[in-house]
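K.L.:
Below is a structure I'd like to ask you about.
The values are calculated or read from the model by the stated rules, or taken from the named source; none is laboratory data. The shown structure was predicted, so the numbers you read here are calculated from the model rather than taken from an experiment. Ideal geometry is used to build each Cβ from the backbone, glycine not excepted, and the neighbour counts take in all protein chains shown. Protein only, heavy atoms only, side chains kept; ligands, DNA and RNA dropped before computing areas. Shrake-Rupley method; radii C 1.70, N 1.55, O 1.52, S 1.80 Å.
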Amino acid sequence: MTQQELAELERSIERMMDLARAFGLDFYPMRFEVCPADVLYTFGAYGMPTRFHHWSFGKTFHRMKLDYDLGLSRIYELVINSNPCYAFLLDGNTLLQNKTVCAHVLGHCDFFKNNAAFRHTSRDMVERMASSAERIYHYELEHGRRHVEELLDAGLAIAEHVDPSEEGRNARRASKERMYRQRLGQRPQSTRKVREPGPYDDLFELDGPLPQPAEEFIPTRILNKDVMLFIIENSDALEEWERDILSMLREEMLYFWPQLETKIMNEGWATYWHLRIMREMDLSDEEAVEFAKMHSGVVLPSRTSINPYHVGLAIWEDIERRWNEPTKEEQERYGRRPGEGREKMFEVREVETDVSFLRNYLTKDLIEKLDLYVYQKVGNDWRVVEKDWEKVRDALVASRINGGIPVLYVEDGDYRRNGELLIRHAYEGMELDLRHLEKTLPYFYRLWGRPVHLQTVVEGRDVTFTYDGKKVQRSFAKD
Amino acid sequence: MVDFTLQREDWSLHRKGHIDQERHREKVREAIREHLADLVSDESLIMSDGKQIIKIPIRSLEEYRIRYNFQKGKHVGSGSGDTAVGDHVARGPPDADGQPGPGQGEGAGSEPGVDYAEAEVTLEDVQQELFRELELPDLAEKDEADMVVDTVEFRDVRKKGITANIDKKRTLLQALRHAKKDDRVVITPDDLRYKTWETIVKPDSNAVILAMMDLSGSMGLFEKYCARTFFFWMTRFLRTKYANVQIRYIAHHTEAHEVDEEYFFTKGESGGTICSSAYQYALDMVNREYPPERYNIYPIHFSDGDNLTSDNEKCVQLVKDLSSVSRMFGYAEVNQYSRSSTLMSAYGKLQIPRFRTYVIRDKSEIYGALRHFFSQQQGVKSA
């Protein structure tokens, strides 16, 4: 982009932000950075301007950059959920492309700021991840690059298994508090009179009776979705610095999690708004054509997957229409009044995530209009197997559960009374990739230090995969 | 109210992606090294013209996760308006050739079913790792006119020359010299200094490889495949590393004759096996064309070991003769089922340091054979 274009972009952004505010969008202060493809793709691969080194990011970067160089695909923009909100624009984009991107980004930022799933994400994650990177770098100096890399390999392999619920997010703090309270509760009680706490209590305690096991917390059999946290807190095989790195990975995953859970909503929302904002801008004829081309490229449907821009936009526009022009029945039964479309949209963007968004607003009419279908492998070919709208909707919803990642629970941290780790896959009809499973188990083992078992279902039968440090074994449950 | 900034910084020092990309490449190389034995015998790699990129599975490069089995799952797609049950969506994995996903690359990495198990490796990548370890054993310098190579050496600095060869250090020194009185350093055309080369004739070692292959009827597909794979890598290795190596191809069944490279690598013959015919042919060739005082001679023979029993004695004698004129004589036997072969049992008793034998039971052992023959010391013994 030339200096001139940059100046015009600046003027446009000001105008677009006014428009966006008038529409009711509510976003953080924006920091737009224009950067070359190399840099944008680096940020894209790492998910952040500064993050720790790992070869997997290098691999992603290489692939994305290659696709860009070959003209196969391109990222137009990258936006970070933070306050102020950072957005990175590609220097090689045309002026109009970057205008569209800015409008799109305003939609994302409004979503980050107002959607409930993002409420607890750290808005200073840019700095936090930079300082994590710094810390990991120091561990590299201290413990060797290979050692750190090997830990990151294992940590990243299982980092998706966290508990992003309110309870789960605070679990680390909660369990620390619980341990602290337990210790307080074990203060000497009967032998001595209750005294004011003093600085040498811990020494006096040594004379006291043996502490009784606490009643409120027995960690032998609990249902724990946060496999990562369970390992961080309970593994014997980790050193302190290793726990520290894993905690950082967990924190980063919790930060990214809402984005996994709102992909369709978020992209649809941003697309809806770039369309509305760009319509209000004064575009020349050529620009209007270029915009139309770019927009239709973004919402191009795919035969083999769901384009979140395409489906998301369609659902948002459908919500607007249905609440703007409710049918007679809807007016009578639900008391909807015409013209409430926008209001409804803002409510939805605040309270839903993809799963509820699809379940509540992907209607029969929409599914038919979008010609959505379920397909599956039949012999060697992939064929359409289902057109019934409820089945299609349910399949789509199922694919979005837990961000599309299989749900695991820690069943037992002292399995076989031998400190072995038993993990259960919450099977709901979708089988796991067994090759990947067998390759991931050693990572669990690396972090747990003892044999690891994972229960799942294959071909309708219960199976337990066990890795004992040497090889993976399958054992089928006896019928 | 202005609550935004738009800026463009200088990002030229931002190299992070490239640094980790390099680390990834390093890991690819490591993986290639670990998988050399499999790669060396990979048919698709050998059949390619060398330019083609071959995908090979490299375990350590995939990022393994607990994830769903894409192949067994149900997925949602969107059609153009009139899709019906039973319609064809895609053949094979829907993303075998790239991403079918949205027009934007964003988030493509999280697409299920995209298999990154494969790393792209070219013939050159494999070669680089493989040839690092190989060399002609016991190569001696032989003095003879045609064993020379022309090399260039930069030895001189002159005032005239090609721009690409500017000697920056000397040019700058020159400029500094006359710039002393002035505080600005200006390089004038007079300061320019050029590195200049001389052509030097360097004596090099001359070597000849006598590649002998049994093409008799008993050599099945597997046997021929192993032999040719071995010779394929050998030929490439010699041509890459040595300037003056000749390769002569001798095919034999009951009688031996010299063939050209193409014939050697592609044609099959049939008939019985008399190995001594090849050895005799090689010995004659040596006597005729390659005096041992001028050439490093390396006969290498591939067979399935199924020799005419009455011929074995003659073979042993010829092996002794050939070994005495050679720097190394290699005999490789492709023996898939570990039969006891007549030829190997005869050779087993021989105690000639320059005579090396190797048994290939499995494709992956071709790599072992290469290392065994083309290493300075008696290399890895076949198990």
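K.L.:
Let me cross-check A:D236: its accessible surface, 1.4 Å probe, with only protein heavy atoms counted, in Å² to the nearest 10?
P.N.:
120 Å²
K.L.:
Keeping every protein chain in place, order A:D282, B:D306 by accessible area at 1.4 Å, biggest value first, i.e. largest first. Intermediate values should be presented prior to the final figure.
P.N.:
Working: A:D282 135, B:D306 75 Å².
The most accessible residue leads, giving A:D282, B:D306.
K.L.:
Right, here's the next one. Placing +1 on the Cβ of each Lys and Arg and -1 on the Cβ of each Asp and Glu in chain A, which of A:V289, A:N93, A:H138 has its Cα farthest towards the positive end of the resulting dipole?
P.N.:
Selected residue: A:H138.
K.L.:
Using the heavy atoms of the protein chains and a 1.4 angstrom probe, tell me the accessible area per residue for chain A in square angstrom. Display every interim value, and only then the final one.
P.N.:
Details: 22590 Å² over 479 residues.
I get 47 Å² per residue for chain A.
K.L.:
Follow-up. Leaving ligands, DNA and RNA out of it, work out the accessible area of A:E142 with a 1.4 Å probe and give it in Å² to the nearest 10.
P.N.:
130 Å²
K.L.:
Share of antiparallel DSSP beta bridges in the stretch B:207-373, in percent to the nearest 5? Before the final figure, lay out each step's value.
P.N.:
Details: 4 of 29 bridges.
So the antiparallel bridges in the stretch B:207-373 amount to around 15 percent.
K.L.:
Counting protein heavy atoms only and a 1.4 angstrom probe, how many square angstrom of accessible surface do chains B and A bury in total, to the nearest 100?
P.N.:
8000 Å²
K.L.:
If you restrict to DSSP beta bridges whose two residues both lie in chain A, what percentage is antiparallel, to the nearest 5?
P.N.:
Values: 26 of 36 bridges.
Here the antiparallel bridges make up roughly 70 percent for chain A.
K.L.:
What do you reckon, how do B:K349, B:K241, A:K65 stack up by accessible area (1.4 Å probe), largest on top?
P.N.:
Numbers: B:K349 155, B:K241 95, A:K65 35 Å².
Ranking B:K349, B:K241, A:K65 by accessible area, largest first, yields B:K349, B:K241, A:K65.
K.L.:
Here's something else I'd like to know. Which entries of A:K471/B:K74; A:K478/B:K72; A:K59/B:K27; A:K364/B:K74 show an alpha-carbon separation above 22 angstrom in the structure shown? Intermediate results must be reported in sequence, preceding the final value.
P.N.:
Details: A:K471/B:K74 31 Å; A:K478/B:K72 24 Å; A:K59/B:K27 10 Å; A:K364/B:K74 19 Å.
Where the Cα-Cα span goes over 22 Å, the pairs concerned are A:K471/B:K74; A:K478/B:K72.
K.L.:
Also: Evaluate the relative contact order of chain A (contact order divided by residue number), counting alpha-carbon pairs under 8 angstrom at least 6 apart; express in whole percent. Please list the in-between numbers first.
P.N.:
Numbers: 597 pairs, mean separation 69.0, N = 479.
Across chain A, relative contact order equals 14 percent.
K.L.:
Between the DSSP loop rule and a limit of at most 14 other Cβ atoms within 10 Å, which trypsin sites (Lys or Arg not before Pro) in the stretch A:382-479 are left? Numbers along the way, then the final one.
P.N.:
On the way: sites: A:R383, A:K387, A:K391, A:R393, A:R400, A:R416, A:R417, A:R424, A:R435, A:K439, A:R446, A:R461, A:K470, A:K471, A:R474, A:K478; in loops: A:K387, A:R416, A:R417, A:K470, A:K471, A:K478.
Listed in order of number, the matching sites are A:R416, A:R417, A:K470, A:K471, A:K478.
K.L.:
Looking only at other chains, what is the average number of their beta-carbon atoms within 10 angstrom of each beta-carbon in A:41-54?
P.N.:
Details: counts 2, 9, 3, 5, 5, 3, 0, 0, 2, 1, 2, 1, 4, 4.
Partner Cβ neighbours, averaged per residue: 3.
K.L.:
Please tell me the relative contact order of the stretch A:306-455 in percent, rounded to the nearest whole number, where contacts are Cα pairs under 8 Å and at least six residues apart. Display every interim value, and only then the final one.
P.N.:
Working: 146 pairs, mean separation 20.6, N = 150.
Here the relative contact order equals 14 percent.
K.L.:
Here's something else I'd like to know. Please list A:T456, B:T309 from largest to smallest accessible area, probe radius 1.4 Å, with all protein chains kept in place.
P.N.:
Working: A:T456 5, B:T309 95 Å².
Result of the area sort, largest leading: B:T309, A:T456.
K.L.:
Just the number, please: carbon plus sulfur as a percent of the accessible area of the stretch B:190-326, 1.4 Å probe, no ligands or DNA/RNA counted.
P.N.:
Roughly 49 percent, rounded to a whole number.
K.L.:
Over all residues in A:379-386, what is the mean tally of Cβ atoms on other chains that come within 10 Å of each residue's Cβ?
P.N.:
For peptide A:379-386, the averaged partner shielding equals 5.
K.L.:
I'd like the carbon and sulfur percentage of the solvent accessible area for the stretch A:299-402, probe radius 1.4 Å, heavy atoms only, ligands and nucleic acids excluded.
P.N.:
On the way: 2240 of 4920 Å².
Its accessible area is 46 percent carbon and sulfur atoms.
K.L.:
Then there is this: Considering every Cα-Cα pair within chain A, what fraction, in whole percent, is farther apart than 28 Å? Kindly include the intermediate steps, with their values, before the conclusion.
P.N.:
Details: 71585 of 114481 pairs.
Here the long-distance tail beyond 28 Å is 63 percent of all Cα pairs in chain A.
K.L.:
How many Cβ atoms of partner chains, on average, are near each residue of A:363-375 if near means within 10 Å of its Cβ?
P.N.:
Mean partner-chain Cβ count within 10 Å for A:363-375: 4.
K.L.:
Here's a follow-up. I need the calculated FRET efficiency for the pair B:L172 and B:V152, taking r as the beta carbon distance and R₀ as 22 Å, to the nearest 0.05. Kindly include the intermediate steps, with their values, before the conclusion.
P.N.:
On the way: r = 24 Å, r/R0 = 1.11.
So, using R0 = 22 Å, E works out to roughly 0.35.
K.L.:
How large is the accessible surface of B:T163 in square angstrom, using a 1.4 angstrom probe and rounding to the nearest 10?
P.N.:
Its accessible surface works out to 100 Å², give or take rounding.
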